[in-house]
Amino acid sequence: MKLYITPGSPYARIARIVVLEKGLQSRVEIIAAQTRLADSPYYSINPSGRVPYLIRDDGVGLEESAVICAYLDHLDGNPAFDLPGGDQAWEARRLEALARSMLDGLAVWSREILRPQNERSPTVLQHEAHRSGRMADLWEAEIGHPLMRGALNLAQITLACALGLDARIPDFRWRPGHPRLSNWFDPIAARLSFAATAPPSASRVSGAPPDNASQEARKKRRASERKR
Ligand SMILES: N[C@@H](CCC(=O)N[C@@H](CS)C(=O)NCC(=O)O)C(=O)O
């Protein structure tokens, strides 16, 4: 199978984490796709141009991280990430939807800061910054839920991938004021599957326009190097 990803995509990261958690590394080849590029050769593989995208062994392609994760999880006939039984299923759905809602907002924010500075919308940036603050408050209250504490599930993976976007969004500083969320995140981020899929920081993203602050810092560094 082939799993198309980009190193910074949190949705692709969710699928990559499932590959590692399920021990599917030898069956799934991870391929970096070129997204958001006019005439990218990737569009002939996946016309939507989005990642993650899984090409199964029978050649059929699957979109959507949730669908891909469910498919990968069921390959061995022993799924680890299915919904729990009874009323807990609704709780699991509710929590996963909340995590995805936070992630969706952060994905918009991270996309916006990758645009050239003169194309970034201050309205969008502010809207997403405020949304992320409200969602961090909400999760500070929800993080004690038993489903967020027990065996790894998709709500936990999705929330951790959302919080991990602080590597890509310098202004997404969710830790202050959220000690319970912070304590929850650290051990999950230390898991092998999370550490191995951590996104590159925003400044290392190829083609990412440097923001004013880092441009200023770079100018100062060059000036002081010239003086030496
Ligand atoms: N709902 C989708 C979202 C996938 C998505 O938006 N992926 C982004 C990367 S984070 C993408 O491929 N963007 C490229 C584009 O929009 O052309 C999922 O869960 O897989």
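Checked against (1) over 22 Å from residue 8 (Cα atoms); (2) touching a His at 6+ places or on another chain (Cβ under 7 Å); (3) not aromatic (Phe, Trp, Tyr), residue 136 passes all but condition (1). Scanning the range 18-70 for residues that are assigned to a helix (DSSP H, G or I), within 13 Å of the ligand (Cβ to nearest atom) and aliphatic (A, V, I, L, M) yields 18, 66, 67, 68, 70. Taking (1) in contact (Cβ under 8 Å) with a residue 24 or more places away in the chain; (2) in a helix (DSSP H, G or I); (3) within 22 Å of residue 10 (Cα to Cα) in turn, residue 91 satisfies each apart from (3).
Listed here are the residues, each with its yes/no results for (1) under 21 Å from the mean Cα position of the chain (by Cα); (2) among the aliphatic types (A, V, I, L, M); (3) modelled with pLDDT of 95 or more; (4) surrounded by 14 or more Cβ atoms within 10 Å (Cβ to Cβ).
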{"residue": "1", "(1), (2), (3), (4)": "no, yes, yes, yes"}
{"residue": "18", "(1), (2), (3), (4)": "yes, yes, yes, yes"}
{"residue": "38", "(1), (2), (3), (4)": "no, yes, yes, no"}
{"residue": "47", "(1), (2), (3), (4)": "no, no, yes, no"}
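Residue by residue through the range 1-17, note down the ones that are more than 22 Å from residue 80 (Cβ to Cβ) and away from the ligand (no atom under 15 Å from the Cβ). If the condition is that a residue be more than 22 Å from residue 80 (Cβ to Cβ) and away from the ligand (no atom under 15 Å from the Cβ), then 2 is the only one that fits. Among the residues here, residue 120 qualifies as basic (Lys, Arg) and modelled with pLDDT of 95 or more.
Taking the numbered list (1) modelled with pLDDT of 95 or more; (2) surrounded by fewer than 19 Cβ atoms within 10 Å (Cβ to Cβ) in turn, residue 128 passes all entries but (2). For the range 71-108, the set of residues classified as more than 13 Å from the ligand (Cβ to nearest atom) and among the acidic types (Asp, Glu) consists of 73, 76, 82, 87, 91, listed by residue number.
Restricting 129, 151 to residues that are touching a residue at least 24 places away in the same chain (Cβ under 8 Å) and closer than 25 Å to residue 114 by Cα narrows the list to 129. What about residue 203, is it farther than 30 Å from residue 151 by Cα and modelled with pLDDT of 50 or more? When the stated conditions are applied, residue 203 passes them.
The values are calculated or read from the model by the stated rules, or taken from the named source; none is laboratory data. Computed from a prediction, not measured in an experiment: that's the story for all the values here. Using ideal geometry, Cβ is built from the backbone for each residue, glycine included, and neighbour counts are taken over all protein chains shown.
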